[in-house]
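For reference, the structure discussed in these notes is given below.
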Amino acid sequence: MPDAGFATPTITFTLAQYERLVGHCLEGFPEEACGLIAGKIDADMEPTGFVGAVYPTRNADHSSRTYTVDSRDLLWAMRDAEDHGIELVGVFHSHTHTDAFPSATDIRQAFEPHWVYVLVSLKAAEPVLRAYRVRDGLVAEIPVVIDDSVAAS
Ligand SMILES: [Zn+2]
């Protein structure tokens, strides 16, 4: 069924969240680093774009080519999000030598149609962060903004 919300929302990080996320990717180098993003969802389970927390997690694969969020870290993040009245709304991981675009493997393993998939490329000197929705093998980029004025909402 077509979904008009596929290419939405605009995902909004505070500067601290953005730095936590990108910093975790840099620390994980040369392995791929990963983590989870929690925020608010609407009645259709779609993320509103508000981010309440960024959870750096361990990459259970310990690989420079693949990632699997450590299951204990996943459980911890789910519980912490629940404690704060927010939901897991996405996952992020780094690409150490390729662009910030989902790989064929990433697209195949994007099992959560309601999630936001954030990629951080460490290919160049400056990290590049981009965000996507992935659904039925289709990829749509969504806008990312860094805005500290939303932090208190
Ligand atoms: Zn990837």
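The values are calculated or read from the model by the stated rules, or taken from the named source; none is laboratory data. Bear in mind the structure is a predicted one, so any value in this text is a computation, not a measurement. All Cβ positions, glycine included, derive from the backbone under ideal geometry; neighbour counts span all protein chains shown.
Checked against (1) closer than 17 Å to I146 by Cα; (2) of a type outside the set (V, I, T); (3) touching a residue at least 24 places away in the same chain (Cβ under 8 Å), E19 meets all criteria but (3).
Which ones in the stretch 102-122 are within 12 Å of the ligand (Cβ to nearest atom) and either small (G, A, S) or surrounded by fewer than 18 Cβ atoms within 10 Å (Cβ to Cβ) (or both)? Hits for the stretch 102-122 are S103, A104, T105, I107, R108, Q109, A110, S121. The residue that is nearest to the ligand (Cβ to nearest atom), among those in the stretch 76-95 that are more than 22 Å from T10 (Cα to Cα) and more than 16 Å from the chain's Cα centre (by Cα), is W76.
D70 meets the stated requirement of being under 17 Å from L21 (Cα atoms), acidic (D, E) and either surrounded by fewer than 17 Cβ atoms within 10 Å (Cβ to Cβ) or more than 16 Å from the ligand (Cβ to nearest atom) (or both). As a summary of the residue check, D99 satisfies the conditions (1) surrounded by 16 or more Cβ atoms within 10 Å (Cβ to Cβ); (2) within 12 Å of the ligand (Cβ to nearest atom); (3) farther than 25 Å from M45 by Cβ except for the one numbered (1). In summary, strands (runs of 3 or more DSSP E) completely within the stretch 64-136 and bearing 1 or more residues that are at pLDDT below 95 occur at 128-135. Is there a residue in the stretch 4-23 that is surrounded by 21 or more Cβ atoms within 10 Å (Cβ to Cβ) and over 14 Å from F92 (Cβ atoms)? Scanning the stretch 4-23, I find at least one residue that is surrounded by 21 or more Cβ atoms within 10 Å (Cβ to Cβ) and over 14 Å from F92 (Cβ atoms), so the answer is yes.
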